[in-house]
Every structure is written in structure tokens, then in C-alpha cells.
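First up is the structure itself, then whatever we jot down about it.
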Amino acid sequence: MGRILAIDYGKVRTGIAVTDELQIIASGLTTVSTKDVIVFLKDYLLNENVELFLVGEPKQLDNTPSESEALILPFLEKLEKTFPKIPIKRVDERFTSKMAFQTMIDSGLKKNQRKNKALVDEISATLILQSYLYSK
């Protein structure tokens, strides 16, 4: 069984989370510069077996796509072309950033640590992955 890799794609930074090989536990992996995501994934896949990509799907409260969806669509095309054998699923990512911030508060991080947007993106990717695992 391969890992599931979740991607919280953003304009500047992209959060990445991954499961263990048994697909039981979701863990934050890293946050990378969005321009380097494909290169990072190529390197990661040299050493790890990934059987599914999950990509966050930003939606408005009325269930329509948010403005940032326009940024994600070209990335999805590139992801599919670069890794044609790995399927891609979309997961609703509404409220993940707010939930990530609350998680940081609940875990006792100090105010200046909570300003780390890269950590918010990584936690958001982990929340996307956890929601998918719960729904399976």
C-alpha cells in the first residue's frame, strides 16, 4: 500500500501532508514555495510510494468554487501530466486555515509562532488529509 499525499495549494506557499504506508495516520510533511512544488514532489517520489494525491478544493459557503480555484486548475493539469499514474482527488478545504490556526492556539503555540504562515499551510494540508481518511 502506498502513501496518500495531500496538497494545500496556495499562491505563494503550498502545504504538504502525508499518510503512513498503511494510510492510518496523517502527518504534516512540509511547506514549500509554490513554484517548487513539482520539483519537490519529483524528489519525494524517488524514495516514497504515493498512490493518491489529494488536492484541496476551495469553495465559497454557497458551495461554488472560490477565486483561488483558478490558480489551482493549471497546477492540477501539470500534476496530472508529470505523474500520470497517480490519481488525483479533490477534497473540500473550507475552513481548514481557520481550523489550523485554532489548532496552533490549542497546542499552546505562542503568538509569534502562530504568525508562521508556512506552519498554517502544513497543518491545513494535514486537516485535508485527515478529513479524507475519516470519510473512507
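If only residues of segment 42-57 that are at pLDDT 95 or above and either in a loop (DSSP other than H, G, I, E, B) or not hydrophobic (A, V, I, L, M, F, W, C) (or both) are counted, the one that is farthest from the chain's Cα centre (by Cα) is 47.
For segment 72-90, the tally of residues that are crowded, with 16+ Cβ neighbours inside 10 Å, modelled with pLDDT of 95 or more and in a helix (DSSP H, G or I) stands at 3.
Among the residues of segment 65-85, those identified as hydrophobic (A, V, I, L, M, F, W, C) and free of Cβ contacts under 8 Å to residues at least 24 places away in the same chain are 70, 73, 76.
So for segment 30-41 (the condition being in a strand (DSSP E or B) and surrounded by fewer than 19 Cβ atoms within 10 Å (Cβ to Cβ)), does at least one residue qualify? Scanning segment 30-41 turns up at least one residue that is in a strand (DSSP E or B) and surrounded by fewer than 19 Cβ atoms within 10 Å (Cβ to Cβ).
The values are calculated or read from the model by the stated rules, or taken from the named source; none is laboratory data. Just so it is clear, the model here is predicted, and its values are computed rather than measured. Virtual Cβ from ideal backbone geometry, glycine too; neighbours counted across all protein chains shown.
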